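See structure below.
The values are calculated or read from the model by the stated rules, or taken from the named source; none is laboratory data. In this text the structure is predicted, and so the values were computed from the model without any measurement. Ideal geometry is used to build each Cβ from the backbone, glycine not excepted, and the neighbour counts take in all protein chains shown.
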Amino acid sequence: METPKSNLSQCRLQQTPCDVCGKPINVVITAKNVLQGSNFEIAASVTNEPQKPLLYFLERAANLVTGFKFTSTYFAGLGYFIDSINGIEGSIASKTFWHISSSGVALECGASSYIPEDGERILFNFTTYRDAGYE
């Protein structure tokens, strides 16, 4: 059985501000919820944008696709935590959250510090701690 790749190498916890960071890349952002409320799967192709943290691509996805909305909370020293997508919000009480993965591998860092590669497909999947393997 093949060992999943690690996404840790793309985590950049210390970043410098920039207007145009990296080379232009294409990234597909998908949000999927089959757990709570109205089920949905919505995708946005973000094309020809400079390589920057995932949060930048999530913001572009929200600008490109009607019905792709998200909220986040900023934590000093850690970055932004994705609270909700399209009104579906994670909860400590129900042990639910937006799990972020690429090519089936969980990201080792969050939307503020993960730097996608060209052609990457990022999935935000609303799930439980248990289903994500954290319980």
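To keep it simple, each residue is scored yes or no on (1) under 18 Å from Gly22 (Cα atoms); (2) of a type outside the set (Phe, Trp, Tyr); (3) touching a residue at least 60 places away in the same chain (Cβ under 8 Å); (4) surrounded by fewer than 17 Cβ atoms within 10 Å (Cβ to Cβ).
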{"site": "Thr47", "(1), (2), (3), (4)": "yes, yes, no, yes"}
{"site": "Gln51", "(1), (2), (3), (4)": "yes, yes, yes, no"}
{"site": "Gly67", "(1), (2), (3), (4)": "no, yes, no, yes"}
{"site": "Ile85", "(1), (2), (3), (4)": "no, yes, no, no"}
{"site": "His99", "(1), (2), (3), (4)": "no, yes, no, no"}
{"site": "Asp118", "(1), (2), (3), (4)": "yes, yes, yes, yes"}
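Look at (1) over 25 Å from Arg130 (Cβ atoms); (2) polar (S, T, N, Q); (3) surrounded by 11 or more Cβ atoms within 10 Å (Cβ to Cβ); (4) at pLDDT below 95 and you find that Gln14 fails only one, number (3). For the condition among the aliphatic types (A, V, I, L, M) and without any contact (Cβ under 8 Å) to a residue 60 or more places away in the chain, Leu78 qualifies. Residues in the stretch 75-105 that are modelled with pLDDT of 95 or more, in a loop (DSSP other than H, G, I, E, B) and hydroxyl-bearing (Ser, Thr, Tyr): Ser94 only.
If the condition is being touching a strand residue (DSSP E or B) at 6+ places or on another chain (Cβ under 9 Å), of a type in the set (D, E, K, R) and part of a loop (DSSP other than H, G, I, E, B), then the stretch 111-135 contributes Glu117, Asp118, Asp131, Glu135. Of all the numbered requirements in (1) more than 19 Å from Ala43 (Cβ to Cβ); (2) of a type in the set (D, E, K, R); (3) surrounded by 13 or more Cβ atoms within 10 Å (Cβ to Cβ), Arg130 misses one, and that requirement is (3). Given the conditions (1) among the polar types (S, T, N, Q); (2) over 15 Å from the mean Cα position of the chain (by Cα); (3) farther than 19 Å from Arg130 by Cα, report the number of the one that Ser94 does not fulfil. All conditions pass for Ser94, except number (3). Filtering the stretch 23-35 to residues that are assigned to a loop (DSSP other than H, G, I, E, B) and surrounded by 14 or more Cβ atoms within 10 Å (Cβ to Cβ) leaves only Leu35. Being in a strand (DSSP E or B), of a type in the set (S, T, N, Q) and either modelled with pLDDT under 95 or surrounded by 14 or more Cβ atoms within 10 Å (Cβ to Cβ) (or both) holds for only one residue in Ser72, Ser38, and it is Ser72.
If the condition is being modelled with pLDDT under 95 and over 21 Å from Glu89 (Cα atoms), then the stretch 118-135 contributes no residue at all.
Only one entry of Glu108, Glu59 meets the criterion of being assigned to a loop (DSSP other than H, G, I, E, B), surrounded by 11 or more Cβ atoms within 10 Å (Cβ to Cβ) and charged (D, E, K, R), and that entry is Glu108.
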